[in-house]
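Following: one structure in structure tokens, then a few remarks.
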Amino acid sequence: MLQLVLNGLANGVLYALPALGISLIWNASGQFNFAQSDLLTLGGYIMFTLFGTLKIPYVPAFLLTVAVMGGVGYFLSWVYFYPMLEARVNPQIIMIGTVALSVFIRNFILVVWSSTPQRYRNVFGSRALQFGELFVMPHVLWIIGIVAALLILLQYFLRGTMMGTAMRSVAQRPAAAWLMGIRNNRMISITFMMSTAIAAVAGILIAPINTLSPSMGSTMGAKVMAAVLIGGLGSFSGALVGGILVGVSEILFSAFISSAYRDVFVFGLLVLFLIFRPGGIFKADISEKI
Amino acid sequence: MLKISDLYVGYTSVPVLNGISLEVPEGKIVTMLGANGAGKSTTLKAISGLMPAGFGSIRFGGAELAGRRPDEIVRMGIAHVPEGRLVFPGLTVSENIRIGSYLCKYSKAELKRNMEHQFALFPRLAERRGQLAGTMSGGEQQMLSIARALMSKPKLLMLDEPSLGLAPVIIDQIIDKITEINREGTTVLLIEQNAELALAISDWAYILSVGSVALSGPSSEIGRDRSILDAYLGG
Ligand SMILES: Nc1ncnc2c1ncn2[C@@H]1O[C@H](COP(=O)(O)OP(=O)(O)OP(=O)(O)O)[C@@H](O)[C@H]1O
Ligand SMILES: [Mg+2]
């Protein structure tokens, strides 16, 4: 039983990472980005090329991938999100555009890397650590650590620094933010840069575990979405807790009831949350936009 | 200090301002009155760079403002308290005030001193430092919006209908604060619906009517003939 919970935890933290990126964008620009999970896949593939194919050592390859993906995020905000926001396009339409973006990225990956599943070495080791009766893969501990560190950093950045506060201001009242001398376009670009970099971190960590395929992100996407909404859209702790809740309950459900219906179960859980606690577990203050 | 000459501004080709000229001398309070839709808010937005100026010039202390970005204009010493307050609802009172100094590279001590100055001016805000701005009353939000604008230590403070929707007692308080801020050396450009109050505290008045200046003069003179005023303000 405890072993199952641990396995669920391992899955859950993987959902938590992209969930974090989605909540960040929501907080900082009021946008919901469906392409987040495909950006994650793209990050995994870039790492595959740098680390798996070009044999660049892990840490530099990791950093380089994150930097490249940050650039991709900056570029996307600059060619897509900011012009749309500036033109006061309806947020729902911008959101639907991100679905198109997601399809585009997936096909881009297909063209560049083909559909053959790829994989690179799991640097955290593939031998489970034993704690008494329990077995846990080292990458699970690493991922939990990395997610926790990112959470703390983000929380500090958004609450404790002038730039983070400016980011939240832009999301809440763009016109007033301009009057404070905050350049909205820059802030939005920085947000996308950050969230795409986070997606890349997720992709890099997940690829050796899940096997890379162009649709890796989107198969996870639905669970990630559930994690975000259950945890509370816009809340960072919610992203972590939501991810873990989805991961653990999914594993328990498939072990004790039916593994064929696990996706149905996750959606059922999501629907229950949407009905009885629509704001998610950690209802974020910012989602109470006026 | 501020001098607008023959300014034209429009929303996607619909003209709103048809050649406005206006002057705000240093140290004074100048008020802009006019019926709804006369173009008062549009004038302020053109000054602060939120709306592009079509033709004409907006000079501030000798420099041209037209065509500059809002952040450059803030940096030159103009703060705009917008219509409807527009506080950041999900930020606390303290955070709202702090973000007003976004462009000022204050040291920690300077920042604190400046914030305490605002809290001294508006004690109501001091009691509510940690409260989310979105949960405050209209009057408190107005005070917050003004305090936030003052954080950049502006030379010119522009206020767009600060009395809108407030109870008479609160309006009096806000008006007192505006004169106090002016006495401390900040030039004020004030838009008001409440003509009587605005004329009472200002040195000079402009009456706007469908995008042009219909009347201007010393506030004491403008206030003397109610019938002319009422004709323009539709009151
Ligand atoms: N975003 C916009 N798009 C198109 N027209 C606009 C826009 N904003 C304002 N206008 C028009 O510009 C004109 C002037 O508006 P403005 O807000 O400057 O008036 P105002 O004098 O401030 O009025 P009020 O006293 O009601 O605040 C109005 O006719 C208004 O309909
Ligand atoms: Mg107005």
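No lab work stands behind these numbers, since they all come straight from the coordinates. No experiment lies behind these values; they were computed from the predicted model shown. Methodologically, a virtual Cβ is constructed for each residue, glycine included, from the backbone with ideal geometry; neighbour enumeration extends over all protein chains shown.
What the table shows:
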quantity	calculated
Contact order normalised by residue count of chain B, Cα under 8 Å, 6+ apart, percent	28 percent
Exposed-site-free run, longest, chain B (rule: GluC sites (Glu not before Pro); DSSP loop; at most 15 other C-beta within 10 Å)	B:27-126
For region A:60-108: rounded, prolate or oblate by the Cα gyration tensor [a/c cutoff 1.5]	oblate
Fluctuation leader among A:SER126, A:SER237, A:SER189 - chain A, Gaussian network, Cα springs under 10 angstrom	A:SER126
³J(HN,Hα) computed for each position of region B:108-118 - Karplus, 6.51 cos²θ - 1.76 cosθ + 1.60, integer Hz, glycine/proline x	3, 5, 4, 4, 5, 4, 5, 5, 4, 4, 5
Within the protein assembly as shown, percent of DSSP bridges classed antiparallel, to nearest 5	60 percent
Within-11-Å neighbourhood charge of B:CYS104 [Cβ basis; K, R +1; D, E -1]	+3
Helix-only CD estimate at 222 nm, as mean residue ellipticity for chain A, using -39500 (n - 2.57) per DSSP H run (n ≥ 4)	-24000 deg cm²/dmol
Residue-averaged beta-carbon neighbours from other chains (10 angstrom radius) around B:80-90	6
Mean Kyte hydropathy of -1.0 or more with a Cα span along the axis of at least 24 Å, helices from DSSP in chain A	A:2-29, A:58-76, A:91-113, A:138-160, A:184-210, A:236-256
Fluctuation leader among B:GLY165, B:GLY223, B:GLY19 - chain B, Gaussian network, Cα springs under 10 angstrom	B:GLY165
Amide H partners (placed H, <5 Å) of B:ALA205, local residues excluded	B:THR31, B:GLY217, B:SER219
Region A:2-214, relative contact order [Cα under 8 Å, separation at least 6], %	44 percent
Folded to 0 to 90 degrees: helix B:138-150 orientation relative to chain B principal axis, Cα	90 degrees
Computed over region A:1-99: relative contact order in percent, which uses C-alpha pairs under 8 Å that are six or more apart	29 percent
Sites A:VAL79 and A:ARG159 - FRET efficiency at Förster radius 45 Å, r taken between beta-carbons, to 0.05	0.90
Loop trypsin sites (Lys or Arg not before Pro), region B:34-122, which have at most 11 other Cβ atoms in a 10 Å radius of their Cβ (DSSP)	B:LYS105
